[in-house]
1. Other chains' Cβ within 10 Å of B:5-17 residues: what's the mean?
2. Which residues among segment B:15-35 fall inside the zone where the amide N is under 20 Å from a point 7 Å beyond the Cα of B:GLU65, along Cα→Cβ?
3. For A:ALA25, place a label point 7 Å from Cα along the Cα-to-Cβ direction in every copy; what are the distances to the other copies, in nm, shortest first?
4. Any number yet on Rg/Rh for segment A:1-46, C-alpha, Kirkwood?
5. Can you list residues from other chains, or at least 5 along the same chain, whose modelled amide H is less than 5 Å from the amide H of B:PHE49?
6. List the distances, in nm to one decimal, from the label point of A:GLU65 to the label points of the same position in every other copy, shortest first, placing each label point 7 Å from Cα along the Cα-to-Cβ direction.
7. Considering amide H positions built from the backbone, and no H for Pro or chain starts, which residues 5 or more places from B:VAL37, or on another chain, come under 5 Å of its amide H?
8. HN-Hα J couplings of segment A:75-85 from phi, Karplus 6.51/-1.76/1.60, θ = phi - 60°, integer Hz, Gly and Pro as x?
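Bear in mind these aren't lab numbers, they're just calculated from the coordinates by the rules spelled out. This one's a predicted model, so the numbers in the text were calculated from it and none came from an experiment. Heads up, the Cβs are rebuilt from the backbone with ideal geometry, glycines too, and the neighbour counts pull from every protein chain shown.
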There are 2 protein chains.
Amino acid sequence: MNDEYRRSMPLFPISIVISLTDLSARQIRYYEQHELVKPARTEGNRRLFSFNDVDRLLEIKSLIEKGINLAGIKQVLSMQDEEETQEHSEEDIQEAQKDLSEKELRKMLKNELFQGNRMGKSSLRQGELSRFFH
Amino acid sequence: MNDEYRRSMPLFPISIVISLTDLSARQIRYYEQHELVKPARTEGNRRLFSFNDVDRLLEIKSLIEKGINLAGIKQVLSMQDEEETQEHSEEDIQEAQKDLSEKELRKMLKNELFQGNRMGKSSLRQGELSRFFH
DNA sequence: TTTTTGTGTAAGAAATCCTGACACACGTTG
DNA sequence: CAACGTGTGTCAGGATTTCTTACACAAAAA
């Protein structure tokens with residue numbers, strides 16, 4: 001609750017985020033451009049990332065490495081955002097998942113997606129950064 | 001243990017530390033100059049502060065507001081540093097406290113120091129930052 | 001009163017970051 | 001196959017942030 005406030009506090013310049021995520025500046029800016037992350041800005045227009053932002057970037061990176069394109073990642077992330085705010089019934093969740101797997105995933109990700117891990121929530125879930133911080 | 005590693009990771013530029021501590025850049029640099037904090041540096045020589053650094057600065061600020069001068073603060077902090085690394089017997093701790101109170105405090109802080117709170121460890125202890133982060 | 005402390009402020013230089021813009025490999029589409 | 005779309009690298013010019021050094025000064029200490 002107050003926790004979310006702390007995790008969304010703008011703290012890191014892009015250089016730190018680069019070292020934390022091993023993404024390039026170009027990648028990070030490109031993801032922002034496509035609204036996968038929305039870092040805050042200083043008065044002088046410099047990006048400032050929160051813990052949530054960094055977590056999100058790590059998640060994006062993990063999905064990228066699975067071969068998912070940005071459109072797909074956007075879907076996944078927006079679904080997760082919904083889950084965080086609203087409480088869902090079992091049906092809702094299945095509905096949302098159908099939305100992703102039928103309309104987008106099967107078509108554009110072919111079979112690469114489900115090699116090995118079945119994209120279970122566990123591996124995609126938040127808190128990646130908790131390996132570094134607490 | 002691994003926790004200490006995370007808390008000592010250089011993450012924040014001075015601008016963020018300024019907003020987090022409400023200290024001026026001048027103050028922060030001055031404290032560094034007198035070795036109360038030792039922030040890391042980027043390749044380009046910019047300061048990078050860790051959680052521990054910010055905690056320490058908040059502690060410094062709190063002590064400053066109590067009217068303690070830098071020499072006294074340095075003593076207090078160095079004592080705390082020792083406590084963190086080594087395990088002490090009861091005697092050791094009393095010894096250290098005597099070291100501070102007799103040699104320095106009574107002489108240079110006069111009576112201002114003990115007005116109200118008796119400088120109990122509780123109020124000086126670390127983790128101030130935990131009010132903002134976890 | 002003279003000195004020391006702690007902080008403000010300013011200047012010039014250097015580092016970091018910003019937004020385009022162009023390139024390009026690869027995969028997709030017509 | 002040719003044309004297009006996607007995701008990333010890289011470079012340039014400009015803006016912002018930070019650095020050090022130096023001077024100033026009020027308040028406290030000597």
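1. 4
2. B:16-32
3. 1.9
4. Checking Rg against Rh, the ratio lands at 0.99.
5. Here the answer is B:LEU11, B:PHE12, since their amide H atoms fall under 5 Å of that of B:PHE49.
6. Spacings between copies for this position, smallest first, are 4.4 nm.
7. Sorted by chain and number, the residues that satisfy this are B:GLU32.
8. Result, rounded to whole Hz: 4, 4, 5, 5, 5, 5, 4, 4, 4, 6, 7.
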